[in-house]
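Q: Below you'll find the structure I mean.
The values are calculated or read from the model by the stated rules, or taken from the named source; none is laboratory data. Owing to the predicted nature of the structure, the values given are computational and were not obtained by experimental measurement. Positions of Cβ are backbone-derived with ideal geometry, glycine not excepted, and every protein chain shown enters the neighbour counts.
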């Protein structure tokens, strides 16, 4: 039988309730106290009597100070805890506890699609990239017709995806912030799962001209069909032009076949969504163990979400492989602090009501659970907002915490996605497989046809972090090979792309 509550660290003075039914008042605990009130699953119980002003300790860290006395066995509610100051970025340890190089993990492979640029795809997709939102309805209409009328002739191609977005015009294109969405959209258009080559549809008068989108490598445009809507004669002719170009590209993609590739060819993005107090106990640590396995296999694995790292960054800078990487990590924290301040906000804008319903009191507690996805190896590199991840090993890729924006930015660099959730999210991406890992078994049971892996078994003692980590790792290889299908792909779930635009809108 599972214990009524879990503590992660011996120093913790609170635990989180395990049972899906919560606990009832009067029930005795093995720690010598009785629960003083009904406490729902994933919420905190005081494991000893605490006085106002004392810190609340979880993960062995201070997540805030109590603003009232709390007796042992009582519910430690969100409103009882005052948010502490964020860790100062000025005196942070850099590369002071660099983890040793882990033992290599050899012999693991997957069946992927090799591309001429050296990238490897996990899917074989025709991508219809766009430069501006104005063309989105036309391109989406064409994509629907291509899937029905043309795609069946090319059985080796998995899908046709309209890569539409809300960017491209009405923005200050020369502003420094514009580099972020432009680079993101360029890298997505050249995604490994598109064979590193899309069709490109432009309107003609937009600010994000194809030449600007590919300014860093204009040679790319020589090999990409570009259809300009304002050069065509009417809607029907426009759609016909897109369909003709699509049929030619489909015939090329249809010749691609999967071949054995080393696990080192994987580039895996990690993300949280709808987190709860179990996320840092079950799902994220299990994913972190799988991240260590990826690193040992020579792959790239990256975590993101600046505001969900900021309050735990003091635990990460010592793991930077060198001081330059540590300083780069702090640079991204500084950048986002200033970005939020310009908007009249701060880190307390995160978490969400759902996170709080799931037992997370504040952003400090959320961040401490979030970074468990990063496993235990050294941080090898840091990618700035909009910058593509090119390094091997564990990388921090700066993005906002918004699921949709983070996913869009990560998409530019990954060929596989792992998404942990406690409260639940049907999130998906059309261009890459999205593996859903639940933090609670109750969610996995309720959403049996949306959750791929139930990490809640860790809380009940049915599985260990190591066992779940290996399960996730092997599932990643099967999904990347096309041997297994995620629920998001089964249902065809693909959220809209939301490029991060920190620049002005005109």
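Q: For the condition closer than 30 Å to residue 402 by Cα, touching a residue at least 60 places away in the same chain (Cβ under 8 Å), touching a helix residue (DSSP H, G or I) at 6+ places or on another chain (Cβ under 8 Å) and outside the structural domain of residue 44 (by TED's automatic domain parsing), what is the one hit in 194, 229, 200?
A: Values: 194 fails: touching a helix residue (DSSP H, G or I) at 6+ places or on another chain (Cβ under 8 Å); 229 fails: closer than 30 Å to residue 402 by Cα.
It is 200.
Q: Next question, about the same structure. Grab the helices (runs of 4 or more DSSP H) fully contained in the range 133-250, keeping just those with 3 or more residues being at pLDDT 95 or above and under 27 Å from the mean Cα position of the chain (by Cα). Talk me through it step by step, then tell me what you get.
A: On the way: elements: 136-149, 179-189, 210-213.
The helices (runs of 4 or more DSSP H) meeting that bar are 136-149, 179-189.
Q: Among (1) in contact with a strand residue (DSSP E or B) (Cβ under 8 Å, 6 or more places away or on another chain); (2) touching a residue at least 60 places away in the same chain (Cβ under 8 Å); (3) under 20 Å from residue 215 (Cα atoms), where does residue 151 come up short?
A: That leaves (3) as the condition not met.
Q: Mind telling me which of the residues 32, 60 ends up being on the phi > 0 side of the Ramachandran plot, more than 36 Å from the chain's Cα centre (by Cα) and free of Cβ contacts under 8 Å to residues at least 60 places away in the same chain? Give the steps one after another, and end with the answer.
A: Details: 60 fails: more than 36 Å from the chain's Cα centre (by Cα).
From the options 32, 60, the qualifying one is 32.
Q: Out of all the residues in the range 255-278, which are touching a helix residue (DSSP H, G or I) at 6+ places or on another chain (Cβ under 8 Å) and part of a loop (DSSP other than H, G, I, E, B)?
A: Passing the criteria: 258, 266, 273, 274, 275, 276, 277, 278.
Q: Surrounded by fewer than 22 Cβ atoms within 10 Å (Cβ to Cβ) and free of Cβ contacts under 8 Å to residues at least 24 places away in the same chain: which single residue out of 344, 393, 354 fits that description?
A: On the way: 393 fails: free of Cβ contacts under 8 Å to residues at least 24 places away in the same chain; 354 fails: free of Cβ contacts under 8 Å to residues at least 24 places away in the same chain.
None of the other options fit; the residue is 344.
Q: Using the structure shown, decide if residue 332 is crowded, with 16+ Cβ neighbours inside 10 Å, outside any loop (DSSP other than H, G, I, E, B) and either free of Cβ contacts under 8 Å to residues at least 40 places away in the same chain or in the same structural domain as residue 377 (by TED's automatic domain parsing) (or both).
A: Numbers: crowded, with 16+ Cβ neighbours inside 10 Å: yes; outside any loop (DSSP other than H, G, I, E, B): yes; either free of Cβ contacts under 8 Å to residues at least 40 places away in the same chain or in the same structural domain as residue 377 (by TED's automatic domain parsing) (or both): yes.
So residue 332 passes the test.
Q: Sticking with this one: Test of understanding: among 325, 281, 301, 313, which residue is in a loop (DSSP other than H, G, I, E, B) and either assigned by TED's automatic domain parsing to the domain that holds residue 438 or crowded, with 19+ Cβ neighbours inside 10 Å (or both)? Lay out the reasoning, then the answer.
A: Details: 325 fails: in a loop (DSSP other than H, G, I, E, B); 301 fails: in a loop (DSSP other than H, G, I, E, B); 313 fails: in a loop (DSSP other than H, G, I, E, B).
Just one listed residue meets the conditions, 281.
Q: Condition check: crowded, with 19+ Cβ neighbours inside 10 Å and closer than 21 Å to residue 417 by Cα. Does residue 168 satisfy that? Spell out the reasoning first.
A: Numbers: crowded, with 19+ Cβ neighbours inside 10 Å: yes; closer than 21 Å to residue 417 by Cα: no.
The answer is no for residue 168.
Q: Could you check residue 118 against (1) crowded, with 18+ Cβ neighbours inside 10 Å; (2) without any contact (Cβ under 8 Å) to a residue 40 or more places away in the chain; (3) closer than 30 Å to residue 393 by Cβ and say which number it fails?
A: So residue 118 meets the others, but not (1).
Q: Right, here's the next one. Please count how many residues of the range 251-267 are under 15 Å from the mean Cα position of the chain (by Cα) and surrounded by fewer than 24 Cβ atoms within 10 Å (Cβ to Cβ).
A: 0
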